[in-house]
Amino acid sequence: MMTDIASQTFLRFCETVQEIAESRGSLKKTQLFANYLKSLNKADDIDRAIRFAGEGAFSSVSGKRASIGARTVALCAAEFCEINYDIVFKACRTATGSASETIEKLMNNIPVAKSRRSPSALSLAQVEQLYIELEKERKRDTKQHLLIKAWEQMTPLEIKYFIRVMGQGSLRIGFEAKSIVNAAAKAFDQDPEDVRYAHMITGSLGEAATLAYMNRLHTATFTLFQPVAFMLASPIESRAIEDITHYIAEEKFDGMRCQLHAGADKVTLYSRDLNEITHSFPEVVDFFTPKKLPGIVLDGELCVFSDNTIKPFQLLQKRMGVKKPSKKMLEEFPVVFISYDILFADDKPLFGKTLVERRDILQEICKQYGIMRSRQFEVTSNEQVEDMFERAIAHGNEGLMLKHKDSTYEYGQRRKSWLKVKKPSGSIDTVIMYAHAGSGKRGGTYSDFTLGVSVKGDDRYEEEFIPIGKAYGGYTDEELKRLNKEMKKLIVDRFGPTYSLKPGLVVELEFDDIQVNKRTKAGYTLRFPRFKAIRWDLSPSDADTLMDVERMYNQKLHEERKPQSQHQSFIGN
């Protein structure tokens, strides 16, 4: 029987999540975490464990981050292990596809790294304190010193998950928020829907789990200026619709999802990952602040809008992350907020009301205060949906949203309530560069792939291929079996769960968009890449080039878009 002290160690937490990562099936994963939660007998430790598993070092709504750049972490690891960063560490990271996994393996195998560590069974509370110290510190050198001192007290497994928790969000073990909520409900004998609702209105997995443990879920309350988890949509191709007339249609704007909280003289904006982004969009704040709105929460989209036209998302990217945009930037890329749902008004949450009821409230408030809102269209036939879809594409938008009229505001579950009608932005022929072992139902096979484009003859690069994206879906089980068989003929090196492959397998990769990403070698990443076809008929010499990617990006950026007309996608202020 495990002792209470052992349960409360960070090592036990790491062993549990590693066991979850290696297990197949959501039910087994949920049971493993539920059993672990039961072994904790303090509300504070339950909060820490849940938070570390699903949110990060700090609650999603805290606004705090134990921020250390990925390069700083990698340089610290190279220093700790006394290895060359460029020659050894970068090569190992490329092979595994994961910096944290690379560091774990180096800590396990490099003699000097083993000699420097003296694991001391740190408690969850002690690890939380390490994160607090990292969050408070602003000097890079001191952060590096704190990081190394922390590693000296940890096992390689602890170090791997210490880094992943520090990154905020998913631990990449096939165990996301929905499963964590179910585990908390199972551990403390609560209704999963009650735990889910508490999570939605508090914005905190840790607080919801703690309330479940104390049997106080009924006390969960919503607080203005505390972001709420967003409702998600399912691709229409994966959800059959029995009666399309139960839905309304809206154009899916080519922008960034945003939650706006307003009350009295205060306006705050939150991104989809619940981070505050207010300072990046001062013109939106300036638009709403003089209105002196009563306490409300709006769900909507930030878009670059000028000349009566929604501009490409790529232009909005230029504004994202800029804490104090210049006057020139504000003039070149003016941003508006277009609302399409309301979550809070008249001092009470509206999550339980139907979409129609929420829209009635939204419409009245938008009319009263001159706020932009999406235009909704009644749906009578599939043919009409197709016509509206083509009109949305002509406007430069991503496609359509179909929303069930009777749906409440659901969080974290992709059901039939909201459906997105989209089509791929394009496809390119790529080469499989690395294959990574899958997890969950695909455990035991190589099912996650890093794919690259050609840079032969490109003076900017010395390699033949560089990565452009990762994909782990879009193939059949039979195709995957054949891929695994053919890969064995192409293995150059193997590092842990990763194969490095010589060029030989070509995949037509479909994607939703191309985005600038200066942190990658290519300078671009693909949004939602997936296999369209395995091109057994092509050779690596047929692969598309980075210049092709750049050409497609620029073409999309400058393509003509129709301005808003009598069929406009939203109603202005």
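Kindly provide the set of residues from segment 537-555 that are in a loop (DSSP other than H, G, I, E, B) and at pLDDT below 90, ordered by number.
Taking segment 537-555 as the starting set, the residues that turn out to be in a loop (DSSP other than H, G, I, E, B) are 537-539, 543-544.
Across segment 537-555, the qualifying residues are Asp537, Leu538, Ser539.
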Selection count, segment 132-164, where residues are at pLDDT 95 or above and either outside any helix (DSSP H, G or I) or among the hydroxyl-bearing types (Ser, Thr, Tyr) (or both): 5
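What are the residues in segment 188-209 that are within 12 Å of Ile50 (Cα to Cα) and surrounded by 22 or more Cβ atoms within 10 Å (Cβ to Cβ), if any? Break it down into steps so the answer makes sense when it comes.
Looking only at segment 188-209, we keep the residues that are within 12 Å of Ile50 (Cα to Cα), and these are 199, 204-209.
Across segment 188-209, the qualifying residues are His199, Ser204, Leu205, Gly206, Ala208, Ala209.
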Failed criterion for Lys481 (all others in (1) over 24 Å from Met320 (Cβ atoms); (2) buried (at least 16 other Cβ atoms within 10 Å of the Cβ); (3) out of contact with any His (no Cβ under 9 Å at 6 or more places or on another chain) hold): (2)
Counted residues, segment 350-373 - those being touching a residue at least 40 places away in the same chain (Cβ under 8 Å), farther than 13 Å from Asp299 by Cα and not aromatic (Phe, Trp, Tyr): 6
Residue check for Glu378: surrounded by fewer than 13 Cβ atoms within 10 Å (Cβ to Cβ) and farther than 17 Å from His261 by Cα: yes
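Within segment 381-396, can one find any residue that is within 23 Å of Cys92 (Cα to Cα) and in contact (Cβ under 8 Å) with a residue 24 or more places away in the chain?
Here is the first cut: in segment 381-396, the residues within 23 Å of Cys92 (Cα to Cα) are none.
Checked segment 381-396: no residue is within 23 Å of Cys92 (Cα to Cα) and in contact (Cβ under 8 Å) with a residue 24 or more places away in the chain.
Might you check whether a residue that is small (Gly, Ala, Ser) and modelled with pLDDT of 90 or more occurs anywhere in segment 225-234? Write out each step before concluding.
Let us first name the residues in segment 225-234 that are small (Gly, Ala, Ser), namely 229, 233-234.
Those still in the list that are modelled with pLDDT of 90 or more too: none.
Within segment 225-234, none of the residues are small (Gly, Ala, Ser) and modelled with pLDDT of 90 or more.
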Unmet criterion (only one of (1) surrounded by 14 or more Cβ atoms within 10 Å (Cβ to Cβ); (2) more than 25 Å from Phe52 (Cα to Cα)) for Asn109: (1)
Qualifying residue in segment 54-62 (condition: part of a helix (DSSP H, G or I) and in the same structural domain as Thr16 (by TED's automatic domain parsing)): yes
Failed criterion for Lys489 (all others in (1) closer than 29 Å to Val88 by Cα; (2) surrounded by 12 or more Cβ atoms within 10 Å (Cβ to Cβ); (3) free of Cβ contacts under 8 Å to residues at least 60 places away in the same chain hold): (2)
So Ile534, is it at negative phi, in contact with a Gly (Cβ under 8 Å, 6 or more places away or on another chain), at pLDDT 90 or above and not assigned by TED's automatic domain parsing to the domain that holds Pro312: no
Residue match in segment 100-120 (condition: modelled with pLDDT under 95, part of a helix (DSSP H, G or I) and within 30 Å of Ala229 (Cα to Cα)): yes
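Regarding Val356, is this residue out of contact with any Lys or Arg (no Cβ under 9 Å at 6 or more places or on another chain), among the aliphatic types (A, V, I, L, M) and outside any strand (DSSP E or B)?
Details: out of contact with any Lys or Arg (no Cβ under 9 Å at 6 or more places or on another chain): no; among the aliphatic types (A, V, I, L, M): yes; outside any strand (DSSP E or B): yes.
For Val356, the condition - out of contact with any Lys or Arg (no Cβ under 9 Å at 6 or more places or on another chain), among the aliphatic types (A, V, I, L, M) and outside any strand (DSSP E or B) - is not met.
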Count of residues meeting criterion [farther than 23 Å from Ser39 by Cα and in a helix (DSSP H, G or I)] in segment 165-180: 1
Selected residue (criterion: farthest from Asp273 (Cα to Cα)) from residues of segment 181-236 that are part of a helix (DSSP H, G or I) and charged (D, E, K, R): Lys186
Failed item in (1) assigned by TED's automatic domain parsing to the domain that holds Pro192; (2) touching a Lys or Arg at 6+ places or on another chain (Cβ under 9 Å); (3) of a type outside the set (D, E, K, R), with Ile46 passing the rest: (2)
Qualifying residue in segment 97-111 (condition: within 27 Å of Tyr472 (Cα to Cα), out of contact with any strand residue (DSSP E or B) (no Cβ under 9 Å at 6 or more places or on another chain), in contact (Cβ under 8 Å) with a residue 24 or more places away in the chain and hydroxyl-bearing (Ser, Thr, Tyr)): yes
Output for segment 515-553, where each listed residue is among the β-branched types (Val, Ile, Thr) and in contact with a Ser or Thr (Cβ under 7 Å, 6 or more places away or on another chain): Thr545
Where a residue in segment 28-39 is touching a residue at least 12 places away in the same chain (Cβ under 8 Å) and its partner, wherever it lies, is buried (at least 17 other Cβ atoms within 10 Å of the Cβ) and among the aromatic types (Phe, Trp, Tyr), with Cβ under 6 Å and at least six apart: Lys29/Phe175
Evaluation of Pro424 against (1) of a type outside the set (Lys, Arg); (2) exposed (fewer than 15 other Cβ atoms within 10 Å of the Cβ); (3) at pLDDT 85 or above (one fails), failing number: (3)
Residues of segment 503-521 satisfying the condition of being in a loop (DSSP other than H, G, I, E, B), in contact with a strand residue (DSSP E or B) (Cβ under 6 Å, 6 or more places away or on another chain) and at pLDDT below 90: Asp512, Asn517, Lys521
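So, in segment 399-436, how many residues would count as being in contact with a Gly (Cβ under 9 Å, 6 or more places away or on another chain) and not in a strand (DSSP E or B)? If you could, list the steps in order and put the result at the bottom.
Of all residues in segment 399-436, those in contact with a Gly (Cβ under 9 Å, 6 or more places away or on another chain) come to 408-409, 420-423, 430-434, 436.
From what is left, the residues that are not in a strand (DSSP E or B) are 408-409, 423.
The qualifying residues number 3.
Can you pull out every residue in segment 315-349 that is free of Cβ contacts under 8 Å to residues at least 24 places away in the same chain, part of a helix (DSSP H, G or I) and either not aliphatic (A, V, I, L, M) or not assigned by TED's automatic domain parsing to the domain that holds Phe377 (or both)?
First pass over segment 315-349, keeping only residues free of Cβ contacts under 8 Å to residues at least 24 places away in the same chain: 318, 326-329, 331-332, 348.
Filter once more, so that each one left must be part of a helix (DSSP H, G or I): 327-329, 331-332.
Across segment 315-349, the qualifying residues are Lys327, Lys328, Glu331, Glu332.
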Residue list for segment 18-32, restricted to those being over 22 Å from the mean Cα position of the chain (by Cα) and in a helix (DSSP H, G or I): Glu19, Leu27, Lys28, Gln31, Leu32
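The values are calculated or read from the model by the stated rules, or taken from the named source; none is laboratory data. This structure is a prediction, so every number in the text was calculated from the model and none was measured. Note: ideal-geometry Cβ built from the backbone for every residue, glycine included; neighbour counts use all protein chains shown.
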